[in-house]
Each structure stands twice: as C-alpha cells, then as structure tokens.
Amino acid sequence: MVSDFSSRTYLDYAASTPVDPRVLEKMLPYFTDTFGNPSSTHWYGQRSEAAIEAARRQIADVLCIQPEEILFTSGGSESDNLALRGAAWMTRETRGANQILITPVEHPAVAKTARALAAHHGFQLEYAPVDTFGGTTPQDVEPLLRTSTAVVSIIHGNNEIGTINPVAEIAEVCAASSVLLHTDAVQAAAHLPLNLSKIRADLVSLGGHKLHGPKGIGALFVRRGTPLLPILTGGSQEFGLRAGTSNVPLIVGLAEALAITQAELAQTTGKIMAMRNKLVAEVLEAIPDSILTGHPEARLRNHSSFAFKGVNGSELLMLLDGQGFACSSGSACKTGNPEPSETLLALGLAPEWASGSLRVTLGPQTTDAEIQRFLSVLPGVIETARALESQTA
Ligand SMILES: *Cc1c(COP(=O)(O)O)cnc(C)c1O
C-alpha cells in the first residue's frame, strides 16, 4: 500500500481546496445560460445582475452585515491590496495619516503591499510585536496606535502557522482610537465562525479557493463609511470601488461556498480536529528535534505546522511527494526557495530550525488511514532529509 502511487494523499488544504460539487453545480448555468453582462440594461444583463445581488445578500446574511458592505474582487490577494492601498491612500488624503501598522507574520499579499506603500508611496511602516506562537494581542497593538495611523492590518487565522489572533478584541482598541483595522480572514473564514457584527473590523478579506470555492474570486468587507479609494479604475461596478465586468459564475460560487462552509462548521470540526491533534502528538513523539510552530490551541482546526532541526524544507517536500504526500513548507507557494520564511524567523526560530518547516493541513476528505500512513512514512523521510542536509553542509 505504501508504494501504491495511485493513492496519493493531499494534505495541503491551506494552499487550496477542491471545489465542492454543490458549489460547482450552482455555478454552471452562469457560464452558459445566464451569460449577460450584469451592467447591461436588457433582460440578459438583469438576470446576471440579479445573481450577483443574490450572492451579495447570501454573504451578508452569513456574516451578519449589509449587502452593500461586500465588494467582489479577484481573490484574497486583491482584497488585501484594495484594503491596504485603498484605505492608506484615502486616509492620508482626508486627514494626513501616513503610518501603516502590520505584524511580521502577515500573508505576503499584506506584507509586500505594506512594504510597497512604504517604498514607493511615502508611508511609514511599523510592526506590532508577536509572541513565540506568532500571536498579537490588543495590549501589543494599543500603544502603537496614533492619530497618524492610516490603517492597521492583522491576520485573523495564520496561513503558515495556524495561529488565531483575537481580532474582535484588537478591533475594539482600534475603534476606540478611531484607527481603521483590516484583517485577512481568508483562512479564518474556512475554519472559524465569522460574525462581523461581533468583530468591529473595518475591512475584512475573504477568498474562494481556501473554502471549497473557485480560484480567482474573493471579497472585501468594507464597513459602511470606511474611507477607501479604488485601486482598479474604469467602469462603475462594485459601487465604483472595483472596475471590471463582474465574474458572475465565480461570485455565485464564492457565496455558495462560504455559506456551506460556515453552516457546516459545527458538524465538520470534531472529526478534523481529532485527526489533526493525533497527527501533531505523534509527530512530536516520533521525531527527535521537532517542534510545533504556531499556537498549540488557538489555531485553525485543520492546521499543523512543524520545524525539524537540520532539514531543508524543499527537499523534505520532494521526498514526501515521492511517497505520495502533498504538503507544503514555509509560506512559499514554490519549492526551491532556500530562504527560511519571514514568519518563522519572526517567531524567534534559529535558521537551522526555520529552514526545516513543514505544513500539513487536513480537509473534509482526509481519512484516519491516510494520517496513519503519513505517520508511518514521515520519520524515515526526515532521517533521509537530515542525512542529505548533513552531506551538503
Ligand atoms: C491564500 C491566502 C491569500 C491569497 O488569496 P488568493 O485568493 O490566493 O489570492 C491571502 N491571505 C491568506 C491568509 C491566504 O491563505
């Protein structure tokens, strides 16, 4: 069975997920039958427009917000860009604020956008501290808030290390100082109840393909009254905040995927979390010089991430792929990057640990037998990876 490569095992649900067949079914008519441009005034256009507005309402109902507070984008990355660039530019224009505050463990769509705003647009970039689990608290954030703060961005559920931040509490301190808060909830929305009447964030990023929706679609929650400039200009779609003909089938798919995911959280969490907990305990038990990265409890239900001393993460991924297991290392979507991830270095890990990271993320299709097989293969793979690394060192 171990060498049966027809039975490949996907353990990289934090990177992407298959589209739920119920979502696909709902999307299909909007590729062919209902194809009109939603901006057109005729019957064809109006039918597409109605589908978009139904999707907007569906998302608003799930998140306990108003439909006009949802903008559709091309994905989590664009939502992050629109939130940071749009809020930073508009806040500077209206009240001269020129500082951006993020954490050192943000997704690159936030981290690199904030750095670009500093490098090319004259903003000052500051970092809030994180603890050894990569978590940030309201007490960390509050003293850093100033009238000159244009926007704060703090990740809700971390893609790389799984840690969940207390964004509701962080939002309270930001609101008390009248500072805008953006949170990237692309992972969190797939694994945690998300009620935006309880989280007073001003801007929240969502994405389709991490929650069994399609790729290339996302949404940005923009709380009513939040100052925002568009970053894509042209037609007046999405309340004039995001130009371009709306992607009707993908919008329909995102709404359906989010609604299904959020409705089924309670029934899917127990099984997935039990498998994840067993995986973590057994990896740490079986493999010397191994640690869990990220918070042991306040973490996404399907997420495990490790560091192994003296291992090259890219090599580790190739060895695992050779055994039929798809995992990831660092935050990089690409292998072959020898640099340890910034997120792991921010936790205070030494480079010889941070280079040997492994992320194993489970999904609803993951079985006990697959986890068992993974656990039987991993110790030997780590041994091989360590031997390879000591030869090249
Ligand atoms: C995947 C991901 C993104 C990027 O979303 P895309 O839709 O792939 O652009 C942003 N933030 C987090 C936390 C993610 O996991």
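The values are calculated or read from the model by the stated rules, or taken from the named source; none is laboratory data. Remember, it's a predicted structure, so these values are computed and weren't measured experimentally. Neighbour counts run over all protein chains shown; Cβ positions are idealised from the backbone, glycine included. These area figures cover heavy atoms from the full protein model, side chains too; ligands, DNA and RNA do not enter into them. Shrake-Rupley method; radii C 1.70, N 1.55, O 1.52, S 1.80 Å.
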On the full set of protein chains, 1.4 Å probe, figure out the accessible area of Phe133 and give it in Å² to the nearest 10.
80 Å²
Glu172-Arg115 pseudo-label distance in nm [points 7 Å out on the Cα-to-Cβ vector]
3.4 nm
Residues Ser16 and Glu297, FRET efficiency given R0 of 22 Å [Cβ-Cβ distance, rounded to 0.05]:
0.25
Solvent exposure of the chain as accessible area per residue, Å², 1.4 Å probe:
41 Å²
Given the rule -39500 (n - 2.57) for each run of at least 4 DSSP H residues, summed and divided by the residues of the chain, what is its mean residue ellipticity at 222 nm, to the nearest 500 deg cm²/dmol?
-13500 deg cm²/dmol
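Enumerate by residue number the chymotrypsin sites (Phe, Trp or Tyr not before Pro) in the stretch 1-70 meeting two conditions: DSSP loop (anything except H, G, I, E, B), and at most 11 other Cβ atoms within 10 Å of the site's Cβ. Intermediate results must be reported in sequence, preceding the final value.
On the way: sites: Phe5, Tyr10, Tyr13, Tyr30, Phe31, Phe35, Trp43, Tyr44; in loops: Phe5, Tyr13, Phe35.
Sparse-neighbourhood loop chymotrypsin sites (Phe, Trp or Tyr not before Pro): Phe5.
How fast does the chain diffuse by Stokes-Einstein, in µm²/s, taking the Kirkwood radius from C-alpha pairs at 20 °C and 1.002 mPa s? Each step should come with its number before you reach the end.
Details: Rh = 21.8 Å.
The calculation lands on 98 µm²/s.
Order Lys210, Lys26, most accessible first, counting only protein heavy atoms with a 1.4 angstrom probe.
Numbers: Lys210 30, Lys26 85 Å².
My answer, sorted largest first, is Lys26, Lys210.
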Of all the accessible heavy-atom surface of the stretch 133-208, with the other protein chains kept in place and a 1.4 Å probe, what percent is carbon and sulfur?
56 percent
Using the Karplus equation 6.51 cos²θ - 1.76 cosθ + 1.60 (θ = phi - 60°), what ³J(HN,Hα) coupling, rounded to whole Hz, does each residue of the stretch 81-87 give in order, writing x for Gly and Pro?
5, 5, 4, 6, 5, x, 6
Provide the per-residue ³J(HN,Hα) series for the stretch 309-326, in order, calculated from phi with Karplus coefficients 6.51, -1.76, 1.60 and θ = phi - 60°, each as a whole number of Hz, with x at glycine and proline positions.
5, x, 10, 8, x, 5, 4, 4, 5, 5, 5, 5, 4, x, 8, x, 10, 9
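To the nearest 0.05, how large is the calculated FRET efficiency for Ser7 and Thr269 if R₀ is 22 Å and r is the Cβ-Cβ distance? Mind showing how you got there, number by number?
Values: r = 26 Å, r/R0 = 1.18.
Once the sixth-power term is evaluated, E becomes 0.25.
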What do you reckon, how do Glu69, Glu169 stack up by accessible area (1.4 Å probe), largest on top?
Glu169, Glu69
Output ordering of 135-142, 305-312 (per-residue mean of other Cβ within 10 Å, highest first) is 305-312, 135-142
Mind listing the long-range amide H neighbours of Ala97? Cut-off is under 5 Å, sequence gap 5 or more, other chains count too, H placed in the peptide plane at 1.01 Å from N.
Arg92
How far apart, in nanometres, would the label points at Thr41 and Gln391 be if each is projected 7 angstrom from Cα along the Cα-to-Cβ direction?
7.3 nm
Whole-Hz Karplus ³J(HN,Hα) for the stretch 288-301, in order, using 6.51 cos²θ - 1.76 cosθ + 1.60 and θ = phi - 60°, x for Gly and Pro?
x, 6, 10, 9, 7, 9, x, 6, x, 10, 6, 9, 4, 4
Sorted from largest down, what three extents in whole angstroms do the Cα atoms of the stretch 247-312 have along their principal axes?
50, 28, 17
Among Lys215/Lys271; Lys210/Lys309; Lys26/Lys215; Lys112/Lys210, the pairs whose Cα-Cα distance exceeds 23 Å are Lys215/Lys271; Lys210/Lys309
Checked the stretch 303-392 against the a/c 1.5 cut and the a/b vs b/c comparison, axes a ≥ b ≥ c from its Cα gyration tensor; verdict oblate
The stretch 273-300 to the stretch 121-146: how many Å between their Cα centroids?
27 Å
Under 18 Å from a label point 7 Å along Cα→Cβ of Glu342: give me every residue in the stretch 80-100 with its amide N that close.
80-86, 88, 99-100
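Can you tell me the FRET efficiency between Ala54 and Glu383 if r is taken as the Cβ-Cβ distance and R0 is 51 Å, rounded to the nearest 0.05? Mind dumping the intermediate values first?
Numbers: r = 54 Å, r/R0 = 1.07.
Working from the Cβ atoms, E equals 0.40.
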Kirkwood Rh, angstrom, the stretch 169-269 [1 / mean 1/r, Cα pairs]:
14.8 Å
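Which length gain, in nm to one decimal place, applies between Cys64 and Glu93 when the Cα-Cα distance is subtracted from 0.36 nm times their residue separation?
Details: separation 29, 0.36 × 29 = 10.44 nm, distance 3.05 nm.
Stretched out fully, the Cys64 to Glu93 stretch lengthens by 7.4 nm.
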